[in-house]
Amino acid sequence: MFTSVLLIEQQLSAADVKFVTTLHDDETFFVVLMQPRGAENRLLRSLDDIALGELERAAREGEEPEGEEARQQAALALEHSVRSLREAGSESVGQLVGGHPLTLLRSVVEETGADEVIVLTAPHLVEELLHLDWAGRARHTVGVPVLKLYAHDDER
């Protein structure tokens, strides 16, 4: 069985599930990691929104939940994502990221013997330009191929 660690930042859409579950011919086991949104990335998210011409979205970044509320929302989104992968026929488990995502990512890859990492995110132009994006940093950390995909976002 092929093992893929899937690092996400929002609930998987039906299109995302179809996309990742059809990447390989082999049965795939997914370990889904999701980091709750937080204040530490607010500035970069706002700059990305502005770069993408999403000025209203940039103005609303301060309204995004933080702390326990963000953690609860992320837990629900993670639960939905894992359930959607299972309904599509793929075994999967999920875990919220409590600390730095790359630390957990590296340990999960080692523990599961993962074949690859898929980073499924919205476009982050500023982070990518500065090489601060998860996929770029993961490539130097995890020791397996890292595939970067853009999530399907109904709001964009």
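The values are calculated or read from the model by the stated rules, or taken from the named source; none is laboratory data. Treat the numbers as computed from the prediction; the structure is a model and nothing was measured. With ideal geometry, Cβ positions are generated from the backbone for all residues, glycine too; neighbour counts draw on all protein chains shown. Ligands, DNA and RNA are stripped out before the accessible areas are found, and what is left, the full protein with its side chains, is counted by its heavy atoms. Shrake-Rupley method; radii C 1.70, N 1.55, O 1.52, S 1.80 Å.
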Next on the checklist: So the check is Cβ under 7 Å with 6+ separation or different chains; which pairs have a first residue in the stretch 14-38 that's farther than 11 Å from residue 92 by Cα and open to solvent by 50 Å² or more (accessible area, probe 1.4 Å) and a second one that's part of a loop (DSSP other than H, G, I, E, B) and charged (D, E, K, R)?
Outcome noted: 37/64
Next on the checklist: aliphatic (A, V, I, L, M), assigned to a helix (DSSP H, G or I), out of contact with any helix residue (DSSP H, G or I) (no Cβ under 8 Å at 6 or more places or on another chain) and modelled with pLDDT under 85: is that true of residue 74 in this structure?
Outcome noted: no
Item to check | Of residues in the stretch 1-13 being under 24 Å from residue 73 (Cα atoms) and open to solvent by 10 Å² or more (accessible area, probe 1.4 Å), the one modelled with the lowest pLDDT | outcome: 9
Checklist entry - Residues of the stretch 1-36 being closer than 11 Å to residue 85 by Cα and charged (D, E, K, R), which ones? => result 16, 18
Item to check | Qualifying positions in the stretch 83-106 - modelled with pLDDT of 95 or more, assigned to a helix (DSSP H, G or I) and open to solvent by 10 Å² or more (accessible area, probe 1.4 Å) | outcome: 83, 84, 86, 87
